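The values are calculated or read from the model by the stated rules, or taken from the named source; none is laboratory data. The structure presented is a predicted model; accordingly, all values stated were derived computationally and were not measured. Every residue, glycine among them, receives a Cβ derived from its backbone with ideal geometry; neighbour counts consider all protein chains shown. Side chains included, ligands, DNA and RNA excluded: accessible areas come from the protein's heavy atoms. Shrake-Rupley method; radii C 1.70, N 1.55, O 1.52, S 1.80 Å.
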Amino acid sequence: MPTKTLGELAEYVGGRVRGDANVQIRSAATLGRAGKGDISFLTNEKYERQLATTRASAVIVGKDTVTTSVPLLIAEDPYYAFMQIMVLLHGHRKHKKVGISSRAMISDSAKVGADCHIHDFATISDGAKVGDGCIIYPCAHIGENVQIGNDCIIYPNVTIYEGCRIGNRVIINANATIGEDGFGFASHNGMHYKIPQIGCVVIEDDVEIGAGCGIERGTLNDTIIGQGSKLGDLVAIGHGTKIGPHCLLVAQVGVAGSTTMGHHCIVGGQAGIVGHIAIGNNVAIGAQAGVINSVGDGKVVLGAPAIDANQGKRAYGMIRYLPEMRQSIRELREQVERLLSVEGQDNNRPEEP
Amino acid sequence: MPTKTLGELAEYVGGRVRGDANVQIRSAATLGRAGKGDISFLTNEKYERQLATTRASAVIVGKDTVTTSVPLLIAEDPYYAFMQIMVLLHGHRKHKKVGISSRAMISDSAKVGADCHIHDFATISDGAKVGDGCIIYPCAHIGENVQIGNDCIIYPNVTIYEGCRIGNRVIINANATIGEDGFGFASHNGMHYKIPQIGCVVIEDDVEIGAGCGIERGTLNDTIIGQGSKLGDLVAIGHGTKIGPHCLLVAQVGVAGSTTMGHHCIVGGQAGIVGHIAIGNNVAIGAQAGVINSVGDGKVVLGAPAIDANQGKRAYGMIRYLPEMRQSIRELREQVERLLSVEGQDNNRPEEP
Amino acid sequence: MPTKTLGELAEYVGGRVRGDANVQIRSAATLGRAGKGDISFLTNEKYERQLATTRASAVIVGKDTVTTSVPLLIAEDPYYAFMQIMVLLHGHRKHKKVGISSRAMISDSAKVGADCHIHDFATISDGAKVGDGCIIYPCAHIGENVQIGNDCIIYPNVTIYEGCRIGNRVIINANATIGEDGFGFASHNGMHYKIPQIGCVVIEDDVEIGAGCGIERGTLNDTIIGQGSKLGDLVAIGHGTKIGPHCLLVAQVGVAGSTTMGHHCIVGGQAGIVGHIAIGNNVAIGAQAGVINSVGDGKVVLGAPAIDANQGKRAYGMIRYLPEMRQSIRELREQVERLLSVEGQDNNRPEEP
């Protein structure tokens, strides 16, 4: 692993140093675990008090107002600087160069580009096309006529159904399924008849799909995961749904069919979005939210049913007060009834003989 | 692909034509994407205004009151007609006839019926029995003594644990797991002891299981997925649970162990159902609902905890008003206290000397 | 299968018999399904009335106050006794002794211990180390430098990414993914940059992982699943999260990154826990709960957002009354306004000439 001085790292990320710029940095670690030679980072104020005790050789921060004796690398966007330094010091996963395994099954009519690594027991079906520099791990299945761009990584046991189109630099994690039939049935006289799903799944450039995800193919239109979007583990995407570019969908999110989502949306874990609605651009959806209506650009929503976050944070947090509210209403009713009966007597008084 | 006239299609589905019955139909498309030669359909009124702009050659509708210049195919059940036409024009997935791959591992004691297609790297264990006309995709694992009926499709990377019984025309999508041990542990002095799970999973005829589902085997009784039921992706079914016939369980639904569900139930995405309860027939459960009590026949429930849908739709929608309700109660309290104190003075007045 | 007398079973589990200690017991079954030769058990009072009709030859119970003519095995912890008897009569899954399949791919630099069974199409990568007595099923993938202890069972299509460490007697069910990259991206100018994830996943002794789970590797620290903990199906664990020993996480639970959980916690199905919080020891979290703040030792919480269970059970159950509460407030407001206006008149009266 390369060693860098803090000054070199600061220069690399366009930040500046407070303290000793000559400390040697070898790797990265959390504030709590870091030791000599480690650089750490502080972006979540929850961990700020760990600055006093960390044994890191340096810490990346966003502002130089923090009080600490540790040398600081001050960067405008400290988490981005942290990412850059992680890539510099540690790099991304190194994949073994296995070439084309003789134990892989590659159809004669499939095309595999240059510098690909196809592992044992991977299957590449008729008419499939794999670009240059792709890595396809054991037991991954590439269906008929699937198209995969350049520099993609398909991890073990991934299944891609026929005809799906995968862009460049796409990463699909283990056990994910791409392009299974949409959940489309016509119910008639108590029976559910399967509707052929003639759309496919299109995954654009620079997308990462989490482990165990399920992305259905469309009934008529394609299901689309937009450029640069990232899906966590166990995410379910319905048929014909379009996720725009640069969205983040955290683990276990579910988006039902025929919904559209704009660009740069963030969807918290376990949130669900119903079908046939439109989510705008730059929308943020809270974890476990239940989105049942279209959401406009830039909105932040949470809760189930999902509402504006400002309102929702207070409102959902008040459910706990329901018992006392109900009790208050009961008491108020009694008091008001008594007041009304007294008032009634008052009103009647003049009529008394 | 075959071409049909609109008149022929109408006859095929038992509907009638409004407009030119001679337009040629080649394929199906959504209203927004359709062009010459495409038939589209309208079953969701959200899309009704697209009738004015669609370039489809014909549209399937349920009533002829809609105003449009497009030729219409009017059918009593337009979505069912759409399904029939999709099957007629496009058909279901065509599976390559690979025969029995020499790269598949089939136990000598396993039996494979006529006209089966077993792909590379599929494994069929001792004593397993696969009926006629089945397709088993790469890396699917059929455990010991598993029984599979006729005309089933087992997609890549599916795992079926030993002894499970699969009916006829069952489809199991990629990466689904059938028959893993139920989540059954006896906790004693702080340790969790695994309980042998001696039930299995029975999947009846015409069931489809979504990608990535997990269906546990039963502790003592079998877990059953009833005839004609369809499960979306990433559905979790607990041990010993019985899903009745012709149910629809949308993606990411979870049903805990030993629960029974009747026939023709519909469970929305991400809904959860606790263990040891009984869901009746024809029950509808909303997306993300949390069902904690038994539900009678024909009920419609939603919310977490799940309540009657009529009540629930209003009730859960009112959570957003909690802050103002609480404020109102506070104000009312002050006002009533003032009124009570005034009344108190009034009441005291006569006592004054 | 061995046959035992009820007396022998009682002695085996340290319980006592009420009724005929000589009845022969061959297997276990539920009260509803049991017949001659079966032992059943009663731990959930829901099923108590089935004691009157069961045809079991004996029933395990926790107290001898129940009225029944069936011979009883009375045990202090009847579910634990039931587990012991299940293991005695039925045993755990028997795995075929396949040895090391020539169709498995085992790297020359991998080490496989004694008495292991490695099935067809399993892949064991460079530098991986598998202990003694392990069973690795078809199409499981063991990544580079993964360490697996003794007596582990890795079911079909499991993927373990490089460098993860698995303890002894660990069971990983089919299609689970261990050690995929954490969902860590630095967002900068609208792009999401992948952060190398240099932690791994550590699974301690006696853990069982459900089918289809996804357990992310840590960004810097390891993700840890503590000794004896059990995860249901389709559970998602975020990067750097630490689950303590002897926890039970039911199906579809999601725990976000960098959260810590103590020992002996129980998390109900579909519950979600946000990142960067601390869950204490012996915490119980209800199904579908949304935990957004740290939870102290011994607490029981439920609901979304999660609150103390005593309060929460009542509070969440009262959402259904929101419409009538809102109506009451409206009525009270009108009544109080009228009272206030009358009071105003009253107050004015003396001023009248």
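Things to note:
- For the stretch B:227-245, taking the residues that are within 10 Å of the chain's Cα centre (by Cα), free of Cβ contacts under 8 Å to residues at least 60 places away in the same chain and within 7 Å of another protein chain (Cβ to nearest Cβ), the one that is least open to solvent (accessible area, probe 1.4 Å) is identified as B:Gly232.
- The set of residues from the stretch C:188-218 being within 8 Å of another protein chain (Cβ to nearest Cβ) and closer than 23 Å to A:Leu88 by Cα comprises C:His188, C:Gly190, C:Met191, C:His192, C:Tyr193, C:Lys194, C:Ile195, C:Pro196, C:Ile198, C:Glu216.
This table checks each residue for (1) open to solvent by less than 60 Å² (accessible area, probe 1.4 Å); (2) closer than 30 Å to B:Glu331 by Cβ.
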site	(1), (2)
C:Gly262	yes, no
C:Val283	yes, no
C:Gln288	yes, no
C:Val300	no, no
C:Asp308	no, yes
C:Arg333	no, yes
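- Some residue of the stretch C:75-95 being in contact (Cβ under 8 Å) with a residue 60 or more places away in the chain and either open to solvent by 60 Å² or more (accessible area, probe 1.4 Å) or away from every other protein chain (no Cβ under 14 Å) (or both): yes
- Unique residue being open to solvent by 60 Å² or more (accessible area, probe 1.4 Å) and within 16 Å of B:Thr219 (Cα to Cα) when the list is C:Thr43, C:Thr65, C:Thr30: C:Thr43
- Verdict on B:Gly163 being closer than 19 Å to B:His141 by Cβ and not in a loop (DSSP other than H, G, I, E, B): no
- Counting the residues of the stretch B:264-287 that are of a type outside the set (A, V, I, L, M) and within 8 Å of chain C (Cβ to nearest Cβ) gives 3.
- Sole residue being under 20 Å from A:Gln227 (Cα atoms) and of a type outside the set (S, T, N, Q), chosen from C:Gly182, C:Gly199, C:Gly218, C:Gly212: C:Gly182
- Number of residues in the stretch B:182-198 that are free of Cβ contacts under 8 Å to residues at least 40 places away in the same chain and either assigned to a strand (DSSP E or B) or under 20 Å from B:Thr223 (Cα atoms) (or both): the value is 11.
- Some residue of the stretch A:81-95 being hydrophobic (A, V, I, L, M, F, W, C), modelled with pLDDT under 95, at negative phi and assigned to a helix (DSSP H, G or I): no
- The set of residues from the stretch A:123-137 being part of a loop (DSSP other than H, G, I, E, B), buried (at least 19 other Cβ atoms within 10 Å of the Cβ) and within 9 Å of chain B (Cβ to nearest Cβ) comprises just one member, A:Ser125.
- If you go through the stretch C:199-219 and pick out every residue that is assigned to a loop (DSSP other than H, G, I, E, B) and out of contact with any Leu (no Cβ under 6 Å at 6 or more places or on another chain), you end up with 9.
- Hits in the stretch C:251-263 (condition: out of contact with any Pro (no Cβ under 9 Å at 6 or more places or on another chain), at the interface with another protein chain (Cβ under 9 Å from one of its Cβ atoms) and more than 17 Å from C:Ala304 (Cα to Cα)): C:Ala251, C:Ser258
- Across the stretch B:117-144, the number of residues qualifying as closer than 21 Å to B:Asn173 by Cβ and out of contact with any Asp or Glu (no Cβ under 7 Å at 6 or more places or on another chain) comes to 16.
To keep it simple, each residue is scored yes or no on (1) of a type outside the set (Asp, Glu); (2) closer than 22 Å to B:Leu31 by Cβ.
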residue: A:Met191; (1), (2): yes, no
residue: A:Val202; (1), (2): yes, yes
residue: A:Asp222; (1), (2): no, yes
residue: A:Ile225; (1), (2): yes, no
residue: A:Val235; (1), (2): yes, no
residue: A:Gly238; (1), (2): yes, yes
residue: A:Lys242; (1), (2): yes, yes
residue: A:Pro245; (1), (2): yes, no
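- Evaluating A:Tyr12 against the criteria (1) crowded, with 18+ Cβ neighbours inside 10 Å; (2) not in a loop (DSSP other than H, G, I, E, B) leaves one unmet condition, (1).
- A:Ala114 vs. criteria more than 10 Å from every other protein chain (Cβ to nearest Cβ), assigned to a loop (DSSP other than H, G, I, E, B), under 23 Å from A:Glu11 (Cβ atoms) and modelled with pLDDT of 95 or more: no
- For the stretch A:15-27, filtered to residues that are in a loop (DSSP other than H, G, I, E, B) and touching a residue at least 24 places away in the same chain (Cβ under 8 Å), the residue that is surrounded by the fewest Cβ atoms within 10 Å (Cβ to Cβ) is A:Asp20.
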